[in-house]
Amino acid sequence: MSMKPIVPLELFDALDIRVGTIQSLSDLTDGSIQLELQFDGFTRSFSLAWESLRPDVHELLGKQAIAVLNVPGRTPEESGRLLEIGRSEQWMPILVVPEHPIPEGARIE
């Protein structure tokens with residue numbers, strides 16, 4: 001697998017990457033799941049097209065995850081994306097998470 005081209009540091013600095021806590025999970029009619037994350041003072045909903053790739057999604061409740069807040073979402077109603085590993089390779093997908101609990105809304109630099 002080849003590496004993507006290097007982007008200017010200004011593009012990376014423009015991303016609003018934060019840690020949030022998963023407050024709720026729900027199954028959507030299209031087979032994807034919706035997660036609501038609590039950040040510092042606000043919540044945001046994200047959907048993941050994990051379908052049957054990850055049968056144990058409810059174990060994620062209460063865990064922290066890392067999201068990019070200022071990019072388009074999976075659907076027109078959403079903004080932002082959760083960082084995930086494995087789905088594009090057809091592995092069991094996992095979320096990118098902090099090593100240990102940190103304050104909600106903490107920015108990633």
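The set of residues in segment 47-70 being at pLDDT below 95 and either open to solvent by less than 60 Å² (accessible area, probe 1.4 Å) or under 13 Å from Asp16 (Cβ atoms) (or both) consists of Ser47, Leu48, Ala49, Trp50, Leu53, Arg54, Asp56, Val57, Leu60.
On the given criteria, is Gly86 on the phi > 0 side of the Ramachandran plot and at pLDDT 95 or above?
Answer is no for this residue.
Considering only segment 29-39, I want to know if a residue exists there that is touching a residue at least 60 places away in the same chain (Cβ under 8 Å) and either touching a strand residue (DSSP E or B) at 6+ places or on another chain (Cβ under 6 Å) or open to solvent by less than 60 Å² (accessible area, probe 1.4 Å) (or both).
Residues of segment 29-39 touching a residue at least 60 places away in the same chain (Cβ under 8 Å): 38-39.
Next, from what is left, pick out any that are either touching a strand residue (DSSP E or B) at 6+ places or on another chain (Cβ under 6 Å) or open to solvent by less than 60 Å² (accessible area, probe 1.4 Å) (or both): 38-39.
Within segment 29-39 (the criterion being touching a residue at least 60 places away in the same chain (Cβ under 8 Å) and either touching a strand residue (DSSP E or B) at 6+ places or on another chain (Cβ under 6 Å) or open to solvent by less than 60 Å² (accessible area, probe 1.4 Å) (or both)), the answer is yes, since at least one residue qualifies.
The values are calculated or read from the model by the stated rules, or taken from the named source; none is laboratory data. Quantities reported herein were computed from a predicted structural model and do not represent experimental measurements. Here Cβ is always computed from backbone atoms with ideal geometry, including for glycine, and neighbour counts include all displayed protein chains. Note: accessible area is taken over every heavy atom of the protein model, side chains too, but ligands, DNA and RNA are not part of it. Shrake-Rupley method; radii C 1.70, N 1.55, O 1.52, S 1.80 Å.
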